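Following: one structure in structure tokens, then a few remarks.
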Amino acid sequence: MNYWHHPKVGEDIQGESPLERNLHPEACAQCHQQQFNAWKGSRHALAYSPGLVGQFFSMGHQAGNDCLVCHAPLDRQQYKTPKDLVNSLSLLKRYAKGFDAEGSLDDMPVSLPLRHAGVTCAVCHIRDGQRFGPPRKGTDIVGKLSGAAHGGFIASKGFEQANFCASCHQFPQSYAINGKPLENTLEEWKQSRFSREGVQCQSCHMPDRQHLFRGVHDVDMVRSGLGFDVQQGDGWVRLRMSSVYIGHAFPSYVTPKVNIKAKGLDKYGHEVQTWQWSLQRKVFYDGGWQEASDTRLMPGERRVFMANRLKEDVVQVLFQVDVIPDDFYKGVYENLLQDMQEGTSRTLIQRALKDAGKNDYRLYQVTVDRKK
Ligand code: HEC
Ligand code: HEC
Ligand code: HEC
Ligand code: HEC
Ligand code: HEC
């Protein structure tokens, strides 16, 4: 089965009760509360976002559907008519989330169309009316299994493998720019030691099957994958950054940017010297996509950032590492706003720009006293 080829949920949803046949994440939450509570804090739950949908009005609903292939891919999440899109714009303006955060079916402010729930439970778990999932914990029995609800489920080992994530997190090689597609996460993983050691995407992003999907927007997740240490010698101080537990490039996508800054401070705390570096795959569009540079940290790689030729009056060196998860999108939104008329789409893009700004954080900071 090519699980992702035609993600049709079908009309004949298995289950005795309306609750079992309800595809909204709040319905799943009634019986699978753990998964719901983890998923609702993930980017998957926000995939039908203002930054995405705010762009659709000018593109048209058909072109919008091409984007939904990853952001809300089920057949019944697609736009059937232009009106579906117009309705969606005003609903999205009123409701920031596409589901009730408490998982309550009664408190739902309005019955939002399923597309608002983005990469929701049914996207990964329902095909042709049936539930699919990994084999029950601690077993490796596959195939149709009976269960106390929704007519049981079909157990498949595909859920435990990296390939499961590929349709949305890997572009085909035919889209390559300088040999690498804009999204190349699965390939990067295949070339790393993690694929050889059997450490799947799920091992890191769904530990113990938790539906957290934490990534570059989560400071603790990013820290968990990196090592830092400092050294100094005659006239220099250096920061070493190692990618110890990241299964792909850091960062994997062209959209985040990591800034590393070193400041030489005198005894009054004044900045007398400055050094700057960044980790980013920088691309630009000029009739076609081009790569300007690629300074990302590869799995297992260790990079040295050297503050050297320190001036006499420098007594301390301060290193700061900052992450801007949505660096590229900020530029996209700013450009869009330049020639966008007043209206709902503009309001959504403005919100997206504001949200993107709130995602920046300091990953690491250290002060090194100079030994003379
Ligand atoms: C009325 C309660 C109920 C509702 C509602 C419900 N489920 Fe289930 N689900 C169950 C039960 C019971 C099982 C069987 C567990 C077992 O036998 O191991 C199950 C099993 C599953 C499995 C397989 C778990 C595994 O071990 O692989 C998946 C996946 C799943 N459900 C997804 C969903 C999704 C998605 C929704 C919402 C669209 C949903 N369920 C709604 C009760 C429910
Ligand atoms: C149906 C498409 C789809 C599938 C399948 C999918 N993802 Fe995603 N994923 C997305 C989209 C779209 C986003 C971005 C959501 C947003 O921010 O709008 C995302 C975001 C993420 C993020 C957060 C990235 C960040 O910027 O912090 C992680 C981590 C992630 N996915 C991991 C996984 C893993 C692991 C799997 C496989 C188990 C998987 N995804 C399967 C579509 C998918
Ligand atoms: C192959 C799957 C795929 C397709 C198709 C896709 N996206 Fe995404 N999109 C992602 C993933 C994965 C992320 C999160 C990682 C990243 O930032 O690249 C994302 C993130 C985004 C974000 C930033 C997060 C957010 O939701 O605000 C925007 C905006 C976005 N996509 C817009 C679009 C638009 C517009 C299209 C159609 C032209 C599109 N995407 C098509 C996979 C996809
Ligand atoms: C991006 C895809 C994706 C989404 C969205 C998703 N799941 Fe899952 N789910 C998985 C994968 C992959 C596994 C198996 C993980 C593993 O084996 O490490 C899984 C496992 C499960 C299991 C079995 C858990 C266990 O402990 O045995 C249940 C139940 C389940 N999911 C329900 C849900 C519910 C409910 C939602 C929505 C709130 C949801 N899933 C959203 C991909 C997804
Ligand atoms: C060894 C652990 C590990 C494995 C394996 C792994 N990741 Fe990650 N992933 C991380 C860590 C840590 C981060 C946060 C740092 C970063 O952004 O690279 C991350 C970040 C991400 C992000 C955020 C976007 C970005 O630009 O970095 C996405 C999406 C993602 N991973 C998807 C995947 C997919 C898909 C796979 C499997 C092909 C996978 N990951 C395998 C640890 C892992």
Report task. Collect the residues in the range 293-323 that are assigned to a loop (DSSP other than H, G, I, E, B) and closer than 10 Å to MET241 by Cα, keeping them in residue-number order. Result -> GLU301
**Report entry** Qualifying positions in the range 62-76 - part of a loop (DSSP other than H, G, I, E, B) and away from ligand 5 (no atom under 16 Å from the Cβ)
**Finding:** ALA72, LEU74
Query raised in the report: Here are some residues: GLY64, GLY118, GLY98. Which one is surrounded by 17 or more Cβ atoms within 10 Å (Cβ to Cβ), without any contact (Cβ under 8 Å) to a residue 24 or more places away in the chain and closer than 28 Å to PHE171 by Cα?
Result: GLY64
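Restricting the range 132-154 to residues that are within 16 Å of ligand 2 (Cβ to nearest atom) and not in a loop (DSSP other than H, G, I, E, B), which is surrounded by the fewest Cβ atoms within 10 Å (Cβ to Cβ)?
We begin by selecting, within the range 132-154, every residue within 16 Å of ligand 2 (Cβ to nearest atom); these are 132-135.
This time we only want the ones that are not in a loop (DSSP other than H, G, I, E, B), so: 132-133.
Working: PHE132: 17, GLY133: 15.
Filtering the range 132-154 for residues that are within 16 Å of ligand 2 (Cβ to nearest atom) and not in a loop (DSSP other than H, G, I, E, B), the one surrounded by the fewest Cβ atoms within 10 Å (Cβ to Cβ) comes out as GLY133.
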Requested in this report: With the condition kept exactly as written, say whether any residue in the range 77-90 is away from ligand 1 (no atom under 16 Å from the Cβ), under 18 Å from ASP355 (Cβ atoms) and not in a helix (DSSP H, G or I).
Outcome: no
Report summary line: Given the conditions (1) within 19 Å of TYR333 (Cα to Cα); (2) within 15 Å of the chain's Cα centre (by Cα), every one holds for PRO50 apart from (2)
Requested in this report: Answer yes or no: is there a residue in the range 175-190 that is among the small types (Gly, Ala, Ser) and not assigned by TED's automatic domain parsing to the domain that holds LEU46.
Outcome: yes
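Rundown of residues vs (1) within 16 Å of ligand 3 (Cβ to nearest atom); (2) touching a helix residue (DSSP H, G or I) at 6+ places or on another chain (Cβ under 7 Å); (3) in the same structural domain as VAL53 (by TED's automatic domain parsing); (4) of a type in the set (A, V, I, L, M), yes/no style:
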site: MET306; (1), (2), (3), (4): no, no, no, yes
site: LEU310; (1), (2), (3), (4): no, no, no, yes
site: GLN316; (1), (2), (3), (4): no, no, no, no
site: LEU336; (1), (2), (3), (4): yes, yes, no, yes
Report summary line: Counted residues in the range 92-131 being closer than 20 Å to GLY64 by Cβ, part of a loop (DSSP other than H, G, I, E, B) and among the aliphatic types (A, V, I, L, M) come to 3
Query raised in the report: Name the pairs: first residue in the range 23-38 and under 11 Å from HIS150 (Cβ atoms), second residue within 16 Å of ligand 5 (Cβ to nearest atom) and among the polar types (S, T, N, Q), Cβ to Cβ under 6 Å, at least 6 apart or on different chains?
Result: none
Report task. Select from the range 231-244 the residues that are farther than 20 Å from ARG309 by Cα and assigned to a strand (DSSP E or B) and write down the one among them that is farthest from ligand 4 (Cβ to nearest atom). Result -> MET241
Query raised in the report: When only residues in the range 1-45 that are loosely packed, with under 13 Cβ neighbours inside 10 Å and not in a helix (DSSP H, G or I) count, which is modelled with the highest pLDDT?
Result: SER17
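The values are calculated or read from the model by the stated rules, or taken from the named source; none is laboratory data. Since this is a predicted model, take the numbers as computed values, not measurements. Every residue, glycine as well, gets a Cβ built from its backbone with ideal geometry; the counts of neighbours run over all protein chains shown.
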